[in-house]
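The values are calculated or read from the model by the stated rules, or taken from the named source; none is laboratory data. Given the structure is predicted, the values throughout are model-derived calculations rather than measurements. Cβ coordinates were reconstructed from backbone atoms using ideal geometry, including for glycine residues, and neighbour counts include every protein chain displayed. Each accessible area value is taken on the protein alone, full model and side chains, heavy atoms only, with ligands, DNA and RNA left out. Shrake-Rupley method; radii C 1.70, N 1.55, O 1.52, S 1.80 Å.
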Amino acid sequence: MKIIADENMPNAKALFSHLGNVELVNGRTLTHEQVKDVDVLLVRSVTKVTQELLEGSSVRFVGSATIGVDHIDLDYLVKANIAFSSAPGCNAEAVADYVFSGLSHLYMTKQFSWLSKKIGVIGYGNVGKTVYDRFSRMGCQVCVYDPFKEEGDSSANFVSLDEILLCNVISLHAPLTSVGVYPTKGMIGSKELAQLSAGTAIISAGRGGVIDEVALLERHSQLNGDLHLILDVWDGEPSINQKLVSIADIATPHIAGYSKQGREKGTWMVYQELCRHLELSSDVISKNDAISTGWFSSIDVDSAVLLEEMLARSIQAIYDVARDDVRLRYKYRENKEKNVFDWLRKHYVERDELNTCLICANNNDACNLMGAAGFSVDNKS
């Protein structure tokens with residue numbers, strides 16, 4: 001069996017080699033010629049899996065080690081009788097870590113004290129729910145907008161989009177859609193951005209194109225720069241709006257979900273589904289062997305320190321999002337790579353998830369806050 005996998009899928013050869021011959025390729029530039037004699041195609045979000053790519057090929061299984069499927073022509077796969085699997089939820093913890101690292105950066109650099117502010121989440125899928133739950137467990141005043149999930153879940157505080165836009169922190173995790181009752185493309189446009197107050201923080205870590213970037217630049221100017229912007233996704237990736245980069249507090253190359261463990265979980269989930277499809281056992285490789293532990297096993301914190309500062313410093317010890325921002329700006333200034341955006345993703349400096357680190361504290365409030373933020377906790381009180 002011949003398997004082609006995106007070169008940015010961690011552990012692809014280690015996991016899939018016992019099933020067939022694995023070739024690693026550039027997912028962005030994949031062609032029909034490369035896949036025509038392939039049995040299994042394993043991709044990430046940069047590969048557009050379309051009829052044009054697959055028609056006439058021998059591909060019988062497509063796996064995407066990502067949570068989104070907007071890069072997949074699902075209707076064609078059904079029509080062509082090609083099995084499909086994605087990895088919903090694989091990077092939910094990683095994206096949540098990105099959100100809280102971004103807020104920690106704002107706290108440490110601008111004294112933006114967000115724990116006491118009103119939080120709005122857009123999108124209540126695996127990622128949005130994880131982010132919402134963390135805020136809720138921290139005791140924050142949090143609400144969410146997702147018209148598709150509102151009727152099926154009474155445990156969350158669902159509100160209108162207008163109410164979300166009045167929040168002090170807005171965290172976007174909606175998929176990118178152009179059709180249907182509630183299309184998300186351009187959903188946050190001039191009309192919506194006009195409702196933002198000065199000092200609002202926007203975290204965009206879902207899909208580029210949900211925010212109208214031209215309108216965002218205009219609103220930023222109208223508010224004399226008094227918007228806090230943490231931007232991971234961009235309209236027109238891999239080309240990104242350099243004017244928007246210049247005004248962002250944090251600008252990163254679509255890596256919010258790029259924790260080492262999150263990416264490994266994505267590959268692992270697709271591996272399990274392929275084994276089921278082939279009616280083979282996936283027990284050849286254990287999950288413990290497929291998912292890494294973290295570099296820092298534990299941190300002892302001083303519970304006498306202000307809780308919000310303790311939280312910010314602990315998060316940054318495991319993942320400081322500013323390092324990704326600095327690397328992006330440096331690489332674009334250096335301009336030595338043919339495609340800086342994709343180069344940064346391919347050569348990403350791996351980071352761990354917060355849950356790989358045990359926080360040791362002797363204060364109940366500290367333990368509760370750190371556990372809600374995503375850390376493992378040892379309460380020594």
> Dipole of the stretch 207-318 (Lys/Arg Cβ +1, Asp/Glu Cβ -1, origin at the Cα centre): which of Trp268, Trp295, Met310 lies farthest to the positive side?
Replying inline: Trp268
> What does the highest-first list of 155-168, 272-285, 192-205 look like by mean Cβ count within 10 Å?
Replying inline: 192-205, 155-168, 272-285
> Tell me, what is the per residue accessible area of the stretch 194-293 in Å², probe radius 1.4 Å?
Replying inline: 39 Å²
>> At a 10 angstrom cut-off on C-beta neighbours, averaged per residue, how do the peptides 25-32, 130-137 rank from highest to lowest?
In response: 130-137, 25-32
> Considering only Cα-Cα distances, which of the following residue pairs are longer than 27 Å: Lys191/Lys338; Lys110/Lys346; Lys117/Lys260; Lys48/Lys79; Lys48/Lys118?
Replying inline: Lys191/Lys338; Lys110/Lys346; Lys117/Lys260; Lys48/Lys118
> Put +1 on the Cβ of each Lys and Arg and -1 on the Cβ of each Asp and Glu in the chain; which of Ile122, Gly180, Phe16 then has its Cα farthest toward the positive end of the dipole?
Replying inline: Phe16
> Whose amide H sits under 5 Å from the amide H of Glu23, counting only residues 5 or more places off or on another chain, with H placed in the peptide plane?
Replying inline: Ile3, Ile4, Ala5
>> If packing is taken as the average count of other Cβ atoms within 10 Å, what order do 44-53, 68-77 fall into, highest mean first?
In response: 44-53, 68-77
>> Using only the alpha-carbon atoms, how far is helix 92-110 inclined from the longest principal axis of the chain? Give it as 0 to 90 degrees, nearest 10.
In response: 30 degrees
> In debye, nearest 20: dipole of the stretch 115-160 around its Cα centre with unit charges on the Cβ of K, R (+) and D, E (-)?
Replying inline: 300 debye
> Using the heavy atoms of the protein chains alone and a 1.4 angstrom probe, what is the accessible area of the stretch 1-123 per residue in square angstrom?
Replying inline: 38 Å²
> When the accessible area of the chain is computed with all protein chains present and a 1.4 Å probe, what percentage of it is carbon and sulfur?
Replying inline: 47 percent
>> If the only charges are +1 at each Lys and Arg Cβ and -1 at each Asp and Glu Cβ, what is the size of the charge dipole of the stretch 231-378 around the Cα centre, to the nearest 20 debye?
In response: 720 debye
>> Taking 35 Å as R0, compute the FRET efficiency from the Cβ-Cβ separation of Glu163 and Asp283 and round it to 0.05.
In response: 0.15
> Can you give the helix-only mean residue ellipticity at 222 nm for the chain, where every DSSP H stretch with n ≥ 4 adds -39500 (n - 2.57) and the sum goes over all residues, rounded to the nearest 500 deg cm²/dmol?
Replying inline: -10000 deg cm²/dmol
> Roughly how big is the chain's charge dipole about its Cα centre, with Cβ charges of +1 (Lys, Arg) and -1 (Asp, Glu), in debye to the nearest 20?
Replying inline: 520 debye
> To the nearest 10 degrees, how steep is helix 260-277 against the longest Cα principal axis of the chain, on a 0 to 90 scale?
Replying inline: 40 degrees
>> Below 8 Å between Cα atoms, with a sequence gap of 6+, how large is the relative contact order for the chain in percent?
In response: 15 percent
>> If I compute volume of the Cα convex hull per residue in Å³ from the structure I just sent, which labelled value in (i) 182; (ii) 120; (iii) 147 lines up?
In response: (iii)
